[in-house]
1. What ranking do 8-17, 189-198 get when scored by the average of other Cβ atoms within 10 Å per residue, highest first?
2. Please compute the modelled spin-label separation between Ala261 and Arg173, points set 7 Å along Cα→Cβ, answer in nm with one decimal.
3. So what are the three principal axis dimensions of region 1-78 from its Cα atoms, in whole Å, longest to shortest?
4. Quickly work out the Ala53-to-Ala349 label distance, labels modelled 7 Å from Cα along the C-beta direction, and quote it in nm with one decimal.
5. May I ask you to work out the translational diffusion coefficient for region 306-361 at 20 °C, viscosity 1.002 mPa s, via Stokes-Einstein with Rh from the Kirkwood sum over Cα pairs, reported in whole µm²/s?
6. From the backbone phi of region 144-160, what are the Karplus-calculated ³J(HN,Hα) couplings (6.51 cos²θ - 1.76 cosθ + 1.60, θ = phi - 60°) in whole Hz, Gly and Pro given as x?
7. How much of the calculated P(r) for region 1-160 lies past 25 Å, in percent of all Cα pairs?
8. Loop only by DSSP, 11 or fewer other Cβ within 10 Å of the Cβ. Give me the chymotrypsin sites (Phe, Trp or Tyr not before Pro) in region 280-361 that pass, ordered by residue number.
Amino acid sequence: MALPGLVIAFGMIGDTLLYAVLPLYHEQFGLSLAMVGVLLSLNRWIRLLANSAVAAIGEKVGPHALMIVGALGSVVSTATYGLVESATIQIAARILWGISYAGLNLATLAYAVSDRANAGKRVGASRAMIGIVQATSLVGGAWIALEVGPRSVFVIYGGLTLVALGAALLLPRLPPEPVAKKGFRLPFPHRLEVWGFAMGFAGDGVFLLTLAFLMKDSITSVAPVLATAMLLALRWLVEITTGPIGGWIGDRFGARRITIANGALLVAGFGLVAIDHELLGALLIVMTRGMFNTLIPVLVIERGYGSVLSSQASYSTWRDFGAAVGPLSAPWLFLNVAQGPLYGTLGAALGLCVFFCLVRR
């Protein structure tokens, strides 16, 4: 799993850093805060269609081809963030990244679960590889942004993303998976998809977009962009340390119990932010989000319907839907709703989803 993890890890470095840099430096990119919300959510909107469409293409051409095309798209989109100030070109770059990530994500999961008996360990190993690169690139990217400017760092990272393309070319090919012949359709949401939407809206959407502003008020000893990057890097450090362990426990005892406990901790994190314990709450949210990325793919496979690519695409589509709506809503919510009621409501909604989507059989 080293090579697939390396491809998606280096492919993601530009997008990951964008969440730390763009909200704080949007004026240097010639963008309004509202446009920041649009750009950070746009790739998710694209993936709503791209997940299922790319899965259908991947079943014909194979995960290896998806990896190569996705890696190439990540190089172009990352460099574009820093090279061009035009909002229109930035929109095009985010569209390209949305399609590229759909291919990289689904292909990486296909490589991981090709050995279904050890799917949890393989997903955990892949997430650990991603985590090492993301944690390093986040902190390093924030420091580079402070030294050479917020736009120049994306040009540098565009060149660094070529590592993903090189690794993709070295990947072995997987044997084709038998699939039923059916036309393209958007997936119907089941319980895991509903949970994915809720976590996408609250955790990937509202929380990520407002994190920089929470840290700006909570941590004054370092630059806000560096504090935000360090906190986001912690999420990836969690995946490095707990991803392989969580995957092994999921294989051995079943992923469902761990997922329920992790969901309860996620709800607690939102509650802590609501009562003005921003740093502690954010730490808890970041850590539990990291665990979900290892546990949920195993649950998706365990439910046992559809092919690997189509089943993962169904969950990813609904999580992306939530993560697309969240950043669009976040600027208005953060400016017009007090922090306590906002995060308290999000925590209560997530609590209901934990019960109805994960606890109930």
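1. Values: 8-17: 26.5, 189-198: 20.6.
Result, highest mean first: 8-17, 189-198.
2. 4.4 nm
3. 43, 27, 18
4. About 2.7 nm, to one decimal.
5. Working: Rh = 13.4 Å.
Rounded to a whole number, D works out at 160 µm²/s.
6. Result, rounded to whole Hz: 4, 4, 5, 8, 10, x, x, 8, 4, 4, 6, 5, 4, 5, x, x, 5.
7. Values: 3813 of 12720 pairs.
Every Cα pair in region 1-160 considered, those over 25 Å come to 30 percent.
8. On the way: sites: Phe292, Tyr305, Tyr315, Trp318, Phe321, Trp332, Phe334, Tyr343, Phe355, Phe356; in loops: Tyr305.
Within region 280-361, the qualifying chymotrypsin sites (Phe, Trp or Tyr not before Pro) (loop, at most 11 other Cβ atoms within 10 Å) are Tyr305.
No value in this document is a laboratory result; all are computed from the given coordinates. These numbers were taken from a predicted model, which means no experiment stands behind them. Positions of Cβ are backbone-derived with ideal geometry, glycine not excepted, and every protein chain shown enters the neighbour counts.
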